[in-house]
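A short worksheet on the structure shown next.
Where a number appears in this text, it was derived from the coordinates with a stated rule and is not lab data. Not measured: the values here are computed from a predicted model. Quick reminder, even Gly has a Cβ in these numbers, built from the backbone with ideal geometry, and neighbours come from all protein chains shown.
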Amino acid sequence: MELRHLEQILEICRAGGFSGAARKLQISQPTLSKSIARLEAQLSLKLFERTNGAARPTAYGAFVAQRAEALLQGVAALSRDLEQLARGEEGRIRIAVGPASRLKPLPELLRRVAVRFPKLHVETVQETGPGVMTALQDGRVDMAFGYSEHAARYGDLIRKKMFEDRILLVARPGHPALGLTQAGPRDLLRYPVALANVLPGIERWAGDVSREEAENLRAFVSDDYGLIIQRALDTDTIAMGAGFLFDRQLADGSLRVVSCTLDLTYACWMLTTAERWRSPLIKAMAELSRAAVAEKATDAAA
């Protein structure tokens with residue numbers, strides 16, 4: 001069995017037939033059919049049930065497809081590592097970030113990368129919080145920065161903690177909620193909320209909500225914290241997010257912290273796969289990220 005066979009089997013399963021898979025692989029349908037037929041004869045196994053132009057994997061075909069995806073990702077990672085070693089610092093790295101990690105630690109990391117690896121090609125991909133993890137799992141990126149709750153279900157990823165920050169609720173001066181002390185969800189969900197994601201921790205805090213409260217909790221959902229902040233500045237919407245996102249507005253007084261019972265921490269992690277973690281470049285990215293965040297924290301404390 002060759003790598004091309006794994007690619008062919010995986011594409012047939014994805015396309016549900018030989019014709020669609022052949023187009024994806026950019027080969028003719030007869031060529032693909034003959035290739036699989038020869039492989040089935042070699043293995044003495046039937047990999048696909050063919051009916052009316054469709055192809056359904058047998059138990060053997062499904063088994064191969066399941067293993068093939070991980071193997072092909074490993075081969076792709078190996079190819080990138082070899083290219084990196086051959087080209088020195090002139091390779092490419094792809095980084096996925098969520099709405100918050102796009103603002104920290106990504107900018108600090110990129111400044112250090114520009115100095116340490118001036119010829120390295122960098123591609124950043126902005127996703128939703130869950131989308132960051134999907135991009136990493138699918139092999140579309142080499143590393144990612146994400147919130148701990150989104151990473152929780154991916155137990156096989158390598159994780160390096162970057163920093164923590166308290167999740168705050170903030171509102172513009174004069175907002176009625178600012179007059180409350182340790183306000184609970186029933187008090188605050190009377191007002192519209194602007195946030196990037198309704199996280200499981202937020203749902204637990206909110207508890208059983210009425211229809212009006214549910215609508216207010218998702219009144220303004222955006223992957224752009226600039227828009228979230230502007231919404232809170234312009235209206236009686238309460239913005240929610242990690243504290244560092246509101247540093248400038250809290251410092252100049254245009255937004256103020258709402259006293260509430262929400263006790264939730266934003267934890268930012270650098271994540272990568274076990275295959276990619278073998279790369280010296282990925283390890284260097286982790287070191288640069290930690291150093292950038294630590295330096296920023298020192299500057300803020302000073």
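Subtracting the Cα-Cα distance of residue 166 and residue 128 from 0.36 nm times their residue separation leaves 11.7 nm of extension gain.
Placing unit charges on each Cβ (+1 for Lys and Arg, -1 for Asp and Glu) gives segment 3-75 a dipole about its Cα centre, and among 33, 13, 74 the Cα reaching farthest toward its positive end belongs to 33.
The count of lysine pairs in the chain that are at least 8 places apart or cross chains, and whose C-alpha atoms lie under 18 Å apart, stands at 10. Compute the helix-to-body angle for 225-234: its Cα long axis versus the longest principal axis of the chain, expressed 0 to 90° and rounded to tens. Its long axis makes an angle of about 30 degrees. Report, in degrees rounded to the nearest 10, the 0 to 90 angle that the Cα long axis of helix 59-87 makes with the longest principal axis of the chain. The angle comes out near 70 degrees. Here the label points at residue 211 and residue 31, each 7 Å from Cα along the C-beta direction, are separated by 5.9 nm in the simple model.
Ranked from largest, the principal axis spans of the Cα set of segment 75-219 equal 61, 31, 22 Å.
Annotation for residue 263 and residue 63: the two label points, set 7 Å from Cα along the Cα-Cβ direction, are 5.1 nm apart. In this Cβ point-charge picture (+1 for Lys and Arg, -1 for Asp and Glu), segment 179-302 has a dipole of about 340 debye about its Cα centre.
This ranking places 1, 270 by how few other beta-carbon atoms lie within 10 Å of each, fewest first, which gives 1, 270.
According to the calculation over all Cα-Cα pairs in the chain, the P(r) per 10 Å bin from zero is 6, 22, 23, 20, 16, 10, 3, 0 %. Paramagnetic label reach from residue 227 (point 7 Å along Cα→Cβ; backbone nitrogen cut-off under 13 Å): within segment 126-151, residues 128.
Subtract the Cα-Cα distance of residue 92 and residue 159 from 0.36 nm times their separation in residues, and report this length gain in nm to one decimal.
22.0 nm
For segment 3-75, the dipole from Cβ point charges (+1 on Lys and Arg, -1 on Asp and Glu) about the Cα centre works out to 140 debye, to the nearest 20. Helix 29-43 versus the longest principal axis of the chain: what angle, 0 to 90°, nearest 10, using Cα atoms? With both axes taken from Cα atoms, the answer is about 80 degrees.
How big is the equivalent ellipsoid of segment 3-75 along its three axes, where each semi-axis is √(5λ) from the Cα gyration tensor, reported in whole Å from largest to smallest?
16, 14, 12
Summing +1 for each Lys or Arg and -1 for each Asp or Glu among the other residues whose beta-carbon sits under 10 angstrom from that of residue 102 gives -2.
Using a cutoff of 8 angstrom between alpha carbon atoms and counting only pairs six or more residues apart, the relative contact order for segment 3-75 works out to 37 percent.
Which net charge results for the neighbourhood of residue 38, defined as the other residues with beta-carbon distances under 14 angstrom from its beta-carbon, given Lys and Arg at +1 and Asp and Glu at -1? With Lys, Arg at +1 and Asp, Glu at -1, the net is +1.
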